[in-house]
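The values are calculated or read from the model by the stated rules, or taken from the named source; none is laboratory data. This one's a predicted model, so the numbers in the text were calculated from it and none came from an experiment. Here Cβ is always computed from backbone atoms with ideal geometry, including for glycine, and neighbour counts include all displayed protein chains. What goes into the accessible areas is simple: the full protein's heavy atoms, side chains included, and nothing from ligands, DNA or RNA. Shrake-Rupley method; radii C 1.70, N 1.55, O 1.52, S 1.80 Å.
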Amino acid sequence: MPAPELETQIADLVSKHLSVPAVQTNIVCPAKTEEIALIAQRMTGLSVAASSDDEKTKRAVLSLIERVQITPGKLSIRIAAKAIAERLAFEQECICDEYLSIESDFRLRKRGVETKLILADAVGGRDDTLFRNIALAHRYFDMIRSGKTYTEIAQAEGVSKRQIQQLVELALLAPDVIRDGWEGRQPVGLTSQWLKSHAFTPMWIEQRDLFKAL
């Protein structure tokens, strides 16, 4: 597991935890109304920065961590009370211990020599190339249903016949597979390239079982 990716995943997990309204409201106890607004502002600053590519800010988020424990299928993170107190400008005794622990289930996926850590409920980036190809697939599929041949479509679209044949099957993807992809929840191995180079069943229930293994 490459350390930079692991650090990015951990920083993102801490960032998201600190952006939860219940955490922002209760991590300092007791806190006045105006103090809660200030806490939320400082937390949001951390959260927004951690989601960027700013290495300096990622390090700032990671500096809040006291301990990370990885066990089979589970990632446990402990935020340091002293570090978060300093960040929020409160006394350490005011920090509520209940909101300093984070746990997340995870799984590892192998793609060739690459290993990806997938957190539970993680939302990745949408694969825009995949959705452009799905849109093309439906266009080609509609042309086929209207009676056009692969050769005629290729000539009209200015692409190869083989490309039409590779893409048109994407029109047969299950609706929930497309929905998960739109939300960035597709399996890490489910890409346009994989779909174009591998045969897959048009049966939706079998598609789901196949794609889960990617």
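Apart from one condition, residue 141 fits all of (1) under 18 Å from residue 127 (Cα atoms); (2) surrounded by 15 or more Cβ atoms within 10 Å (Cβ to Cβ); (3) in contact (Cβ under 8 Å) with a residue 12 or more places away in the chain; the exception is (1).
Evaluated against (1) open to solvent by 40 Å² or more (accessible area, probe 1.4 Å); (2) without any contact (Cβ under 8 Å) to a residue 12 or more places away in the chain; (3) among the hydrophobic types (A, V, I, L, M, F, W, C); (4) touching a strand residue (DSSP E or B) at 6+ places or on another chain (Cβ under 7 Å), residue 20 falls short on exactly one condition, (4). A Cβ distance below 7 Å, combined with a sequence gap of six or more or placement on separate chains, defines the contacts here; from the range 68-94, residues that are open to solvent by 90 Å² or more (accessible area, probe 1.4 Å) reach residues that are assigned to a loop (DSSP other than H, G, I, E, B) in the pairs 87/64.
For the condition open to solvent by less than 30 Å² (accessible area, probe 1.4 Å) and in contact (Cβ under 8 Å) with a residue 24 or more places away in the chain, residue 154 does not qualify.
Taken over the range 178-189, residues that are open to solvent by less than 20 Å² (accessible area, probe 1.4 Å) and either polar (S, T, N, Q) or assigned to a helix (DSSP H, G or I) (or both) amount to 1.
Selection of the range 164-176 for residues being surrounded by fewer than 18 Cβ atoms within 10 Å (Cβ to Cβ) and within 28 Å of residue 106 (Cα to Cα) yields 174, 175, 176. Residues that are at pLDDT 85 or above and surrounded by 15 or more Cβ atoms within 10 Å (Cβ to Cβ) within the range 26-41 comprise 26, 27, 28, 35, 36, 38, 39, 40, listed in sequence order.
Inside the range 1-17, residues that are open to solvent by 60 Å² or more (accessible area, probe 1.4 Å) and either under 13 Å from residue 43 (Cα atoms) or of a type in the set (Phe, Trp, Tyr) (or both) make up a count of 1. Considering 77, 10, the condition of being within 22 Å of the chain's Cα centre (by Cα), assigned to a strand (DSSP E or B) and modelled with pLDDT of 85 or more is satisfied by 77 alone.
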